[in-house]
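A short write-up of the structure that comes next.
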Amino acid sequence: MKKTLLTLFSVTAVFACAAAEVDIGGDFTGSGFGGRGFPWYTNSVLKAKVTRHQFNGGIAVELKEVSDKGGQIYGKPVPAAPGERFTLSVQAKGKGTGRLELLLYNKENRYAGSVSSADFPVTEEMVKYTKEFVIPSQPGAKEPAFVRVGLFVAPGGDIWFHKVSLVQDKK
Amino acid sequence: MMTAKSAAVFLFSLAVWAGAAGADVTREEYTSPLETGTRPRRTPHTLIYARFQPYDLGGNYRDEWYDRPLFVNSLWRDASRRGESWKKEAELLKKYEIAGVTVLGNAYASFNREVIARSEQGDFSGLDVMAGLGWPRSEFDGKTPASEKLYQRMVRHIRETLDGKNILHIDGKIPFFCYGGTTDSGAHNLRTRLKKDGLDSRVQLFAPLWLNVYGEFNNTGKLSQETLKKMESVLREKLDVYDGFNFTNCFYTRNLRGDDVLGKVFRPELDKKYLAPLFSKVYADPKYRGKLLGFTLDHGYIGDIDNGVNQAECGTAVLRRQIDTQLLYDPDIISLAEWNEVNENTCFQPTLTNSWTIRRLIRFYARFLKGLPPAPCEGDDLSIPDLVVSVRWNIQAGEEYRIELLNIPDTPEEGTYRVALSLTDENGKLLRKMGEDTFRRNKLTAVTYKVNAEAWHKRVRAVIPQLEITYKGRTFRMEPAVFTRLSAVTANNAKELRLPLRDQWTPGKFVFSALPRPDGSVRIKAEAAGKELLNSLEVLDGKFTAVSAWPEDGLKQADHYWIAVKCHRRYETIMPFRIRVAGTGDYRWRPWGRPYCSPVRLERDKEGWFGSPRCHFWHSGPAGMVGIPKNDCENAVIECVIGNTPAVRVPFADLRKKRVTAAEPGDCVQLELELRDELPDHPAPLNSKRAAIDACVFSKMNDPMYSVLAVTAEGKIFRSRPVFIRKIERTAPLRIYSTTAKKAVTAEVPAFQIPDIRYKFSPEYGNILGNDTAKEFDATLGGGLSRGQTPRRGALPRDLPQMAPIWEKTADGYSLKFTGGSYLSFPAAAVPNGAFTLEMELKTDSSANQYLFFTGQDRQGAVGLAVVDGKLHGSYGSGSTGFGHVLTALPTDIAVTPGVWHTVKVAYDLEHIRFEVDGKGQTMPLTLRPAWTAPSLFGNFFTPASGAGFAKPGPFTGHLRKLRILHNAKVDPPKIREVKL
């Protein structure tokens, strides 16, 4: 029994050192916008019509861009530090061009820029897109202390996002 | 905090325990504290009353049972013998040592009068009647005819009760203990009017009460002063209107991922620290002097109405923990719900599955409340302990095996005894050996073991407990007459088998064999004999009676073929029913009795009809059996006329070949006839010290399991080990939900326990849609209107022109044509409580949104399939922690084209669900756990719960020519292209 327990603890410890899924509400369940029930927020400038759909046994969020500047929703703040690695993945389908982003915030929770993936074309085929980010060092007022996941749709786009996942590499 | 030392000790204990019994075993011990409160009571001690429902011991055979009273006697169905049933009830009630009985008098007015009258006669001496009230939801203001009618009915009930000579009075008034509730303003209006009629000063009215405090207590472990003040004002406001409460001090929750899905949860710490003191404080206020407090007590609710667990029994824990917390309030009244609710299986009277367990427990508490010491029951064998063994009758792969050993004190003296429990399979091979438990004879103590049973399913069919008992200096072995069947895909019976060792009968001679014959039947031989008189000897097939011994009362199986006759109508109604058999002489009719089978005259009229011009169709109409003489059956034709529909004529020669048929003569009426090997009725008392059975029977079950059940005239029970006809030749992987792992896993189970049902599209059996796997899966064209079945409860349109779809001959067979709401009705067993594959060939006639397949009542695990906006649309019952049901919508992009034959397939392996039309598919992740079976429909609908993802579609219009239900599934996870950015 002792041996089994030790093995169990060892496996858990190795796993914990490698990577950890961050709870960002990426299954889009819950109700409302913002807060514990549904920790996603709409952007008042990069506007999009947001609709939630029952999809594949879960929820997909449809972002239909309406501002001609592109549309975006973003998630709740997650503690981060320069040099840390995050892997963001999402399933997407629809039409137009999408982009994955990590929005950076300083320790006062003020916007401090972003890191983004390349733009990617989206078709009716559901595809899983993955991007690995390294939090940049921006000494001074813009030193990142938090990140938020951003899902972006270029002007004219209409994209369904499904199963957003953020994994933090703790090495 | 656990220190290093204590952690080490803990781990050591765990290791020792695991070594003794296996790491997959848990043990729990609970001793009832028997603490009482300080609330000022108005009665000398807490009075216990058993609520009577309008059933008796003679009637109510329904051709199926989860349980039935221990002392049923179908000979008492004859109205002239009803007195004998009452006499027996009185004899049984007295054995509980409770105060008396109560009735929901205004709901069952004539029954209430009969109970009051009986209570004044000799048999009921020593028992009194507590008035009861099923509160109607009314304002009692006389502003509407309905309100006035309810008031007048209430007044009539009160007056009749006031006239009773044997009615419970408290402080010179008559308490009307309640069930359900009305509005406070309605109660106020009632009181005002009763005052005017000079009745109010003589009655005490109760309100049902539940306090909304469990959320706060569950989250914080305490109640705030603010909440307590609020609750105090609730109590005071209600006591200003009512004379007392029927208080419910628990909440219901669904354990969506565990065993015993829905159950009551008690919080004794909440009762002890907060609520009981609050009640004491309010009741001590001189303003509320004389106010009363009562509770309703039940022991679970496992019934066919909702096809499973309405409220888990958990051995006897629900009953014990409930009454233990109620005692903390020092109540005036405890009302047992119910003494004889035969349909809902909540009986407190002795039954086949509970034996005398409930009696022993209630008697113990009743004596405790009266200040009497624990004592053995009259006639007890004092050489064995008063130990009760409780197990589930049936568990399915993934559920834990649970066994409870309960000591019921029979003495106030100190003293101990030891019990070592072992578990064996049906052949006696050891599965687990537990450690030895020590019980104190004067303590109400339960020891409960739970075992992960998943690996057993591969080769074990039933689990049998074995006890080694050291009692009063003697060590001996006992095999309690209970067992737990292990089923692979579905356990449609969550009822407990409870048996006090002292109420077990051991026959002096016992013989039993069940051997398969080449024609598919099974030759059953059983014999039991002993010193005691026997009441009944039956052989069960699963939970159904396969064959029973009958006394020589004229219903001779040797002389007659017996045919079960059932008829139903879509709507509740009163209409005529007549039945006769032409072309033969000495035929019989035997009705199944009240209250849910309308009484049909027992005498033939001049034209040979049995019947009645006024039969009550509460969806199910008259039912019973027809006997056709074996020596004069060649030209017999069964004729049945229901309402104004044309006569249905079924030649017996035809039925003899098919064994089963159904017809819809019109007007939403369904008639079903089935030739039986046994007499489909409760057995009549044998009054013999020996009984024997020698019969050949055909099983309806996919996995027949025969066991002998014998009951003595004193109500002692013998239940044999089960015998299985099908042998395990190979196993197969089955996707199951594991309640220990809390997720889907794969288990090896006997291959034949995974049904693959392929329905036969042939009009051969009339309105029966047969299959080759087992008759238990047969569907009906239309119908399905008896209790618990989906269409009865659902929202089928009232103007439904025809329930049954129509057979159409095609080039390569038959198809069924569905028009205007016709449907197929499937029994609960047809859809598994687990992984499934549903496959059908269909053609829709229109592009309208329409239902295809639906499991009824939106249960957790209900399967839904529809065409919405031209696409296949699924749904799945996701369950909720409350009473409500929720569906998860599963829309697809797969088109269903009108006028084109499609092969539609749905497969769910508990991790992914896949929808396919003509091979084009869509796979979705889905991990919802099925936990409840229910009957299903193809083609029509019922009221769906929220979450289906569409407005109510119409019925299916089109054709169906193939339908297959496999109780397993394999779904490959969807492959998704990945792009690294």
Practice task
With an 8 Å cut-off on Cα pairs and a minimum separation of 6 or more residues, tell me the relative contact order of the range B:57-140 in percent.
Solution key: 26 percent
Completion exercise
Using alpha-carbon positions, the gyration tensor of the range A:78-171 gives root eigenvalues a ≥ b ≥ c; with a/c under 1.5 called rounded, otherwise prolate if a/b exceeds b/c, else oblate, the class is prolate
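Just add up the charged neighbours of B:Arg964: K/R +1, D/E -1, any other residue whose Cβ is under 12 Å from the Cβ of B:Arg964.
Details: positive: B:Arg758, B:Lys760, B:Lys905, B:Arg961, B:Lys962; negative: B:Asp756, B:Asp772, B:Glu839, B:Glu841.
Charge balance near B:Arg964 sits at +1.
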Practice task
Please go through the residue pairs A:Lys131/B:Lys742; B:Lys95/B:Lys238; B:Lys531/B:Lys775; A:Lys47/B:Lys952; B:Lys543/B:Lys716 and name each one whose alpha carbons sit more than 29 Å apart in this structure.
Solution key: A:Lys131/B:Lys742; B:Lys95/B:Lys238; B:Lys531/B:Lys775; A:Lys47/B:Lys952
Practice task
Please identify every one of the trypsin sites (Lys or Arg not before Pro) in the range B:701-740 that sits in a loop by DSSP and has no more than 11 other beta carbons within 10 Å of its own beta carbon.
Solution key: B:Lys727, B:Arg730
Completion exercise
Row for chain B, column shape: gyration tensor on C-alpha, a ≥ b ≥ c, rounded if a/c < 1.5 i.e. under 1.5, prolate if a/b over b/c, else oblate; value rounded
Problem - 222 nm mean residue ellipticity, helices alone, for chain B (DSSP H n ≥ 4; -39,500 (n - 2.57); rounded to 500) - result: -4500 deg cm²/dmol
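Add +1 for every Lys or Arg and -1 for every Asp or Glu among the other residues with Cβ under 10 Å from the Cβ of B:Leu769, and state the total. Working shown, then result.
On the way: positive: B:Lys760; negative: B:Asp778.
Every neighbour counted, the sum reads 0.
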Exercise for the section: Would you please classify the overall shape of the range B:96-219 from the alpha carbon gyration tensor, given that a ≥ b ≥ c denote the square roots of the eigenvalues, rounded means a/c under 1.5, and beyond that prolate means a/b larger than b/c while oblate covers the rest? Expected result: oblate
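Give the order of B:Thr43, A:Thr29, B:Thr31, B:Thr855 when sorted by the count of other beta carbons within 10 angstrom, beginning with the fewest.
Details: B:Thr43 18, A:Thr29 11, B:Thr31 15, B:Thr855 28.
Arranged by neighbour count, lowest to highest, B:Thr43, A:Thr29, B:Thr31, B:Thr855 become A:Thr29, B:Thr31, B:Thr43, B:Thr855.
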Fill in the blank from the handout: Of all chymotrypsin sites (Phe, Trp or Tyr not before Pro) in the range B:857-930, the ones in DSSP coil with at most 11 other Cβ atoms within 10 Å are B:Phe883
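With a 10 Å Cβ neighbour count serving as the proxy for reagent exposure, in which order, fewest first, do B:Asp972, B:Asp128 appear?
Values: B:Asp972 11, B:Asp128 20.
Going from sparsest to densest Cβ surroundings: B:Asp972, B:Asp128.
Can you sort B:Met434, A:Met126 so the residue with the fewest Cβ neighbours within 10 Å comes first? Mind dumping the intermediate values first?
On the way: B:Met434 22, A:Met126 19.
Lowest count first: A:Met126, B:Met434.
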Fill in the blank from the handout: Violations at 30 Å Cα threshold for listed pairs B:Lys94/B:Lys165; B:Lys230/B:Lys495; B:Lys433/B:Lys727; B:Lys700/B:Lys843; B:Lys760/B:Lys975 -> B:Lys230/B:Lys495; B:Lys700/B:Lys843; B:Lys760/B:Lys975
Fill in the blank from the handout: Once the in-chain neighbours fewer than 8 apart are removed, the lysines whose Cα is under 17 Å from A:Lys49 read A:Lys64, A:Lys69, A:Lys93, A:Lys95
Completion exercise
Among trypsin sites (Lys or Arg not before Pro) in the range B:317-420, those in a DSSP loop whose Cβ has at most 16 other Cβ atoms within 10 Å are B:Lys370
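Read-outs: derived from the displayed coordinates by stated rules, not from any lab. Only a predicted model underlies this, so the values are computations on that prediction, with no experimental measurement involved. Cβ atoms come from the backbone with ideal geometry, glycine included; neighbour counts cover every protein chain shown.
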